[in-house]
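The values are calculated or read from the model by the stated rules, or taken from the named source; none is laboratory data. Here the structure is a predicted model, which is why all the values come from computation and not from measurement. Here the Cβ is made from the backbone with ideal geometry for all residues, glycine too, and neighbour counts use every protein chain on show. Ligands, DNA and RNA are excluded from the accessible area calculation, which covers all protein heavy atoms including side chains. Shrake-Rupley method; radii C 1.70, N 1.55, O 1.52, S 1.80 Å.
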Amino acid sequence: MVKFNDYEAVIAWIHGTLRLGIKPGLDRMEFLLERLNNPERSNKWIHVAGTNGKGSTVTFIREILEHSGYKVGTFTSPYIETFNERICVNGNPIPDEDLVTIANLIYPITLEMKESEFGSPSEFEIITAMMFVYFAEVETIDIGVIEVGLGGRLDSTNVLTPLISVITTIGMDHMEFLGDNLAVIAKEKAGIIKDSLPIISGVIQPEASEVIEMIARDRQAPLYKINKDFDIKTSTKSELRFVSRNKELPDLKLGLEGKHQYHNAALAVETVLSLAETTDFSISNQAIKLGLANAFWPGRMETISNHPLCILDGAHNPEGVQAFADNASAILGDKVILCSILGDKDHRQMLATLKSIPNAKVYLTTFDYPRAMDQEELRHTAEIHSIEAVVDWKSWLQTYWSQEELEKTLFITGSLYFISEVRHFIKNGEAKSK
């Protein structure tokens with residue numbers, strides 16, 4: 001059955017399934033993949049869960065593996081520039097024509113599921129299935145680095161069996177699905193831990209770390225913890241060096257800005273070293289150094305303009321905003337912060353953190369997205385927190401861009417969906433149009 005003749009039709013179909021909402025559970029995914037001849041069994045995987053830092057950690061791992069000579073598939077979300085970048089091989093997004101071909105393969109099965117006990121698959125389940133098919137049948141890979149969508153235990157990606165699992169951080173996010181305390185959320189994230197397979201943990205809160213230790217012990221999975229078994233440290237000269245139970249790597253440089261990236265880089269290095277210890281993958285010190293130095297992930301402390309100086313950083317929950325605030329506070333001089341926080345997030349804590357940044361004026365805005373604040377919510381929230389509401393962020397940016405001799409740093413932060421729109425707006429030169 002040929003349902004889709006072009007890329008636009010496929011994207012419309014995929015996004016149209018958003019109305020089905022999030023459907024935790026693996027039954028639908030397992031049925032869908034079985035009908036596709038189980039493509040998830042065709043490759044080797046690294047599985048990455050966590051509240052924050054997944055995308056950056058995946059990027060560091062990919063770069064190191066690429067510099068080691070391997071062909072690496074990645075699966076990440078959300079996208080910043082194009083939908084296709086969610087499924088990449090060596091950083092190259094899936095071509096439009098391959099997306100169309102795979103969509104036509106999957107679509108008839110979704111119709112079958114709609115009439116069955118399973119019901120229609122969700123948007124994320126469809127995209128996950130596309131990824132598995134692409135890496136199995138179209139663009140073969142040496143290894144895939146797969147980012148969990150939500151949680152871990154019941155996430156659509158948790159049908160794979162990895163060589164190594166990674167949990168980057170635990171924070172209070174997606175509580176309507178994962179639970180309302182760190183221990184419960186940690187249990188959901190730890191659902192990716194597999195029997196006897198290594199688990200690399202960047203979790204630092206004692207109550208969350210204890211849960212991960214317990215599950216790893218029950219599954220006899222070797223556990224390696226940041227600050228205990230490995231870390232990236234700084235010297236008085238700001239030199240970065242990785243240290244672990246059996247390795248030290250000095251003179252490291254990171255391609256991603258921000259001190260929070262030390263954490264993500266340490267996880268990535270420990271992951272690839274554990275991979276080399278337990279499999280036939282070969283990772284050199286030089287590949288690690290080059291991979292860390294060459295890493296790039298758009299929208300993460302990214303300088304998008306120098307005149308005026310403008311830095312984008314997706315920070316979509318309290319922990320992310322705290323990391324952003326730590327980095328922004330380290331930059332001298334006056335600051336202007338434009339942020340957009342989705343309506344279902346903890347805006348109270350996030351805005352309080354932003355307001356604590358020295359020499360900063362905070363503006364709150366919204367954008368066209370189903371979960372974004374409407375204008376009434378925007379004005380009400382801004383008033384409560386004694387900050388200025390920006391109803392039309394595009395016009396506001398154009399006005400800001402037109403000012404001369406700006407000696408301030410403009411930070412734009414909040415939802416990654418918002419960052420994606422702003423990045424496109426600025427890169428296309430639309431901010432200069434006034």
Cβ-Cβ below 7 Å, separation at least six or inter-chain, first residue in the stretch 100-114 and under 15 Å from E30 (Cα atoms), second assigned to a helix (DSSP H, G or I) and open to solvent by 10 Å² or more (accessible area, probe 1.4 Å): which pairs? I109/R35; M113/R28; M113/F31
Lone qualifier among N38, N84 - being within 17 Å of the chain's Cα centre (by Cα) and under 26 Å from S120 (Cβ atoms): N84
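Residues in the stretch 196-215: is at least one assigned by the TED database to the domain that holds D155, among the small types (G, A, S), touching a residue at least 40 places away in the same chain (Cβ under 8 Å) and in contact with a helix residue (DSSP H, G or I) (Cβ under 7 Å, 6 or more places away or on another chain)?
We begin by selecting, within the stretch 196-215, every residue assigned by the TED database to the domain that holds D155; these are 196-215.
Now drop any that are not among the small types (G, A, S), which leaves 196, 201-202, 208-209.
Cutting the leftovers down to touching a residue at least 40 places away in the same chain (Cβ under 8 Å) gives us 202.
When the remaining residues are screened for being in contact with a helix residue (DSSP H, G or I) (Cβ under 7 Å, 6 or more places away or on another chain), the result is 202.
Within the stretch 196-215, one or more residues are assigned by the TED database to the domain that holds D155, among the small types (G, A, S), touching a residue at least 40 places away in the same chain (Cβ under 8 Å) and in contact with a helix residue (DSSP H, G or I) (Cβ under 7 Å, 6 or more places away or on another chain).
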Which numbered condition R153 misses (of (1) of a type outside the set (S, T, N, Q); (2) in a loop (DSSP other than H, G, I, E, B); (3) open to solvent by less than 20 Å² (accessible area, probe 1.4 Å); (4) at pLDDT 90 or above): (3)
Condition broken by S165, with the remaining ones in (1) part of a strand (DSSP E or B); (2) surrounded by fewer than 20 Cβ atoms within 10 Å (Cβ to Cβ) satisfied: (2)
Inspect all residues belonging to the stretch 350-358 and state whether any of them is closer than 19 Å to E302 by Cα and free of Cβ contacts under 8 Å to residues at least 60 places away in the same chain. yes
Test set (1) of a type in the set (A, V, I, L, M); (2) within 19 Å of the chain's Cα centre (by Cα); (3) within 22 Å of Y224 (Cα to Cα) - I126 fails condition number: (3)
Every listed condition ((1) open to solvent by less than 40 Å² (accessible area, probe 1.4 Å); (2) touching a strand residue (DSSP E or B) at 6+ places or on another chain (Cβ under 6 Å)) holds for A276 save (2)
Among the residues of the stretch 249-277, count how many are among the acidic types (D, E) and closer than 24 Å to F324 by Cα. 1
Mind listing whichever residues of the stretch 300-315 are crowded, with 23+ Cβ neighbours inside 10 Å and part of a loop (DSSP other than H, G, I, E, B)? R300, M301, A315
Give the number of residues within the stretch 179-197 that are assigned to a loop (DSSP other than H, G, I, E, B) and open to solvent by less than 10 Å² (accessible area, probe 1.4 Å). 1
Given (1) open to solvent by less than 10 Å² (accessible area, probe 1.4 Å); (2) free of Cβ contacts under 8 Å to residues at least 24 places away in the same chain, E376 misses just (1)
Could you check the stretch 40-82 and list, in sequence order, the residues that are at pLDDT 95 or above, among the aromatic types (F, W, Y) and closer than 22 Å to N158 by Cα? W45, F60, F75
Mind checking which residues of the stretch 320-352 are open to solvent by less than 20 Å² (accessible area, probe 1.4 Å) and closer than 20 Å to I384 by Cα? V321, V336, I337, L338, C339, S340, I341, L342, M350, L351
